[in-house]
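The values are calculated or read from the model by the stated rules, or taken from the named source; none is laboratory data. Since the model is a prediction, treat every value here as computed from it, not as a measurement. Positions of Cβ are generated from backbone atoms using ideal geometry, with glycine treated the same way; all protein chains shown enter the neighbour counts. Heavy atoms of the whole protein, side chains included, go into the accessibility calculation; ligands, DNA and RNA do not. Shrake-Rupley method; radii C 1.70, N 1.55, O 1.52, S 1.80 Å.
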Amino acid sequence: MAVLVGDAIRLSEADALALELGLPLVQDPSALSPSCERVLQFTPERLQLQPLGPQASGPVYVDFVDGAMGHRRRYGGGRSQLVAKAVGIKKGFCPRVVDATAGLGRDSFILAQLGCHVQMVERSPVVAALLRDGMRRGQCDDEVATIIERLSLTVADARQWLLTLAESERPDVIYVDPMHPERIKAAEVKKEMRLFRELVGLDSDDAELLQSALAAARKRVVVKRPRKSETIAGPKPNLIMEGKSTRFDIYLL
Ligand SMILES: C[S@@+](CC[C@H](N)C(=O)[O-])C[C@H]1O[C@@H](n2cnc3c(N)ncnc32)[C@H](O)[C@@H]1O
């Protein structure tokens with residue numbers, strides 16, 4: 001992988017990211033190594049993960065303003081959504097949430113839109129860079145900016161990071177949505193998601209993450225699963241909420 005920047009305006013930003021990720025910085029696409037399968041590309045508008053080659057899919061990037069997230073923001077159903085019930089949002093109460101598997105930030109953004117303060121934790125520095133860029137662009141839209149104010153991002157492995165929290169920092173809710181084999185099958189359908197899966201792999205250490213989450217949360221741990229899949233190995237959930245394709249396994253503390 002390399003950082004590709006065609007636009008001189010973003011050169012210093014690209015340089016800093018290449019240094020942070022230990023990747024080569026390339027300005028001319030013809031200088032890319034033939035074995036390079038994907039690039040983190042700075043376009044004039046955004047940072048995107050772009051696969052290379054004749055069969056390449058479209059890019060992966062974070063967009064909180066338009067596209068699917070924009071649609072969900074306008075028509076998502078507010079506090080009647082299952083995820084709102086799963087994390088325990090009630091009239092006059094919005095939990096403080098740690099999203100231990102932030103990914104492209106969609107679930108965190110939905111929770112922040114519902115009023116929660118969400119600390120996102122993501123262990124892939126590449127995914128975190130995409131997320132940071134999406135937050136930066138979102139800040140240019142007045143409505144989205146007020147939601148992004150409730151989001152913060154830490155690049156770390158949540159299995160260890162959660163155990164370093166001081167008593168006063170422990171969140172009400174820890175939200176966990178690991179990459180799952182069934183999720184991968186579904187992801188194959190959408191080429192862009194296949195690219196994301198290739199990048200982060202399978203989160204086969206989810207049982208360890210659940211243990212850390214159970215030790216760190218004050219009120220509950222909420223695990224998002226495909227509806228028909230098995231629970232994460234470990235204690236049984238106290239409550240299960242099923243949607244059309246998704247299920248929430250809830251561990252009360
Ligand atoms: C299925 S995706 C999450 C998608 C996310 N809920 C969303 O709405 O965009 C799983 C993400 O969690 C991250 N992840 C998995 N285990 C983690 C851990 N122990 N600590 C931090 N991040 C983790 C992976 O790198 C991946 O980006």
Check your understanding: What nm value, rounded to one decimal, do you get for the distance between Leu163 and Phe93 when each label is placed 7 Å out toward the C-beta?
Key -> 3.0
Check your understanding: Which value, in Å² rounded to 10, gives the accessible area of His117 with a 1.4 Å probe and all protein chains present?
Key -> 110
Point to revise | Cα principal axis extents for the chain, largest first, Å | key: 56, 38, 37
Study note, to complete from the structure: With label points set 7 Å from each Cα along the Cα-to-Cβ direction at Thr154 and Asn238, the distance between them in nm comes to 2.4
Review point. So how far apart, in nm, are the two label points at Cys140 and Ala56 if each is 7 Å from Cα heading toward Cβ?
Key: 2.3
Revision key, fill the gap. Rg from C-alpha atoms of segment 2-44, normalised by the globular rule of thumb 2.2 N^0.38 Å, equals 1.04
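If I stretch the segment between Asp28 and Arg72 completely, what's the gain in nm (0.36 nm per residue apart, minus their alpha carbon distance), one decimal? Walk me through the numbers before you get to the answer.
Numbers: separation 44, 0.36 × 44 = 15.84 nm, distance 3.74 nm.
Once the chain is fully extended between Asp28 and Arg72, it gains 12.1 nm.
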Practice item. Could you order Arg136, Arg74, Arg159 by accessible surface area, starting with the largest, using a probe radius of 1.4 Å? Key: Arg74, Arg136, Arg159
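Suppose the chain between Ser229 and Arg197 were pulled fully straight at 0.36 nm per residue; how much longer would it get relative to their current alpha carbon spacing?
9.7 nm
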Exercise for review: For Asp249, Asp63, give the ranking by accessible area with the largest first, probe 1.4 Å.
Suggested key: Asp63, Asp249
Practice item. For segment 67-252, report the accessible area per residue in Å² (1.4 Å probe, heavy atoms, rounded to an integer). Key: 47
Revision key, fill the gap. Whole-percent carbon and sulfur contribution to the accessible surface of the chain (1.4 Å, no ligands, DNA or RNA) stands at 52
Review point. So for the chain, taking the charge dipole from beta-carbon charges (+1 Lys/Arg, -1 Asp/Glu), which of Pro51, Ala68, Gly115 sits furthest toward the positive end?
Key: Gly115
Review point. Could you work out the helix-only [θ] at 222 nm for the chain, with each DSSP H run of four or more residues adding -39,500 (n - 2.57) and the total divided by the number of residues, to the nearest 500 deg cm²/dmol?
Key: -10000 deg cm²/dmol
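Quick one: putting +1 on the C-beta of Lys and Arg, -1 on the C-beta of Asp and Glu, what dipole do you get for the chain around its Cα centre, in Debye to the nearest 20? Please report the intermediate quantities before stating the final value.
On the way: 35 positive and 33 negative charges, 275 e Å.
So the dipole magnitude of the chain works out to roughly 1320 debye.
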Review point. Taking a 1.4 Å probe, which of Asp15, Asp177, Asp142 shows the most accessible area, and what order do the others take after it?
Key: Asp142, Asp15, Asp177
**Study point:** Rounded to 10°, Cα long-axis angle of helix 11-21 versus longest principal axis of the chain
**Key:** 60
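What relative contact order, as a whole-number percentage, does the chain give when Cα pairs under 8 Å and 6 or more residues apart are counted?
Details: 439 pairs, mean separation 37.5, N = 253.
In percent, rounded to a whole number, it is 15.
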